[in-house]
């Protein structure tokens, strides 16, 4: 385990260097940055999706009724009934927003949940002079279907995998984001195309069965009074704890960087941390927390089943996924 953590620290360092290189390249090409006027439709699309997303976290059907046009909402009512409200809420809580193709009056955006490996594609009609945009078409697909892969029987996060949980999430997120960018490049005509005609009934049955399995794992944890107590106490520390609170629980020096990262977050972000996933592994129970409205940040608390061992803390940013996966692949290629 220690060897793996040391490797992961090296990967994060490589990721940071990659980010610095990207920033340097961005500075060199500043003259190519689109004007504010050219970016305005993208900003309107982002604003529309964000408002829809936030409302959907509490009331998915109300959000659809508010933001979909009449024809689109009728289709939502017909299709999405296969996903019960608790499942849809769970999807939206862990979903990240992506913007793709756009022009003056329309755009393609998406909400992608890496824990579900499921994407909700949205085609938008945008107002030219402010106001609320409208969702005109949508499609909800398993990540494998969207990427052209064979769908797995189970979602990746409900079974034990050979990689760490964050690396698995980083892999699937980076693959999906890359495929989305290729499928809906910014300068292309904004259209869902064949995706809006997909057979969503079969797709949603697969998604619903996998999503229900996710909630079963959470339910098992909540029924276990001891695990539920640990979950709640860790959540309170993530939300409000000071350095002494963290150090009383997380005693290993390798936790220090993660503690500093959490302590550096704005209070309004920390206060939004909620339990999102729970995994019972052979020697450890893993609690995964994300802040509402910022699910790109994932904090993992690992509690060893051996009572004498201390829990460990990790926090990662899914926006670093591509750089980290690239670093892992390079190290595998080098045989290291």
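Readers should treat all values here as calculations from the given coordinates under stated rules, not as data from a laboratory. Here the structure is a predicted model, which is why all the values come from computation and not from measurement. Neighbour counts run over all protein chains shown; Cβ positions are idealised from the backbone, glycine included.
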Between residue 217 and residue 271, what length comes free when the chain is fully extended (0.36 nm per residue of separation minus the Cα-Cα distance, one decimal in nm)?
-> 17.0 nm
One finds the C-alpha centres of segment 111-137 and segment 258-294 to be spaced, in Å, by 27 Å
Label segment 186-336 by shape, choosing from rounded, prolate and oblate, from the square roots a ≥ b ≥ c of the eigenvalues of the Cα gyration tensor; if a/c is under 1.5 it is rounded, and otherwise prolate applies when a/b is larger than b/c, oblate when it is not.
-> prolate
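Could the peptides 190-201, 109-120, 280-291 be put in order, highest first, of the mean number of other beta-carbon atoms found within 10 Å of their residues? Please report the intermediate quantities before stating the final value.
Values: 190-201: 14.9, 109-120: 25.5, 280-291: 16.9.
Result, highest mean first: 109-120, 280-291, 190-201.
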With r as the distance between the Cβ atoms of residue 326 and residue 39 and R0 = 41 Å, compute the FRET efficiency 1/(1 + (r/R0)^6) and round to 0.05.
-> 0.90
Just subtract the alpha-carbon distance of residue 296 and residue 247 from 0.36 nm times their residue separation and send over the number in nm, one decimal.
-> 15.2 nm
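For Cα pairs less than 8 Å apart in space and 6+ apart in sequence, what is the mean separation divided by the residue count of segment 224-333, i.e. the relative contact order in percent?
Values: 141 pairs, mean separation 23.3, N = 110.
Relative contact order, segment 224-333: 21 percent.
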Sketch the reach of a paramagnetic label on residue 132 as a point 7 Å from Cα along Cα-to-Cβ, and name the residues of segment 65-90 whose backbone nitrogen lies under 16 Å away.
-> 65-74
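Tell me, in nm to one decimal, what length is gained between residue 125 and residue 319 on full extension, where the rule is 0.36 nm per residue of separation less the Cα-Cα distance? Walk me through the numbers on the way to the answer.
On the way: separation 194, 0.36 × 194 = 69.84 nm, distance 2.74 nm.
Between residue 125 and residue 319, full extension yields an extra 67.1 nm.
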Which part of segment 114-149 falls in the paramagnetic zone of residue 209, meaning amide N under 19 Å from the point 7 Å along Cα-to-beta-carbon?
-> 116-119, 140-146, 149
How many nm is it between the label spots at residue 310 and residue 264, if each spot is 7 Å from the Cα in line with the beta carbon?
-> 2.1 nm
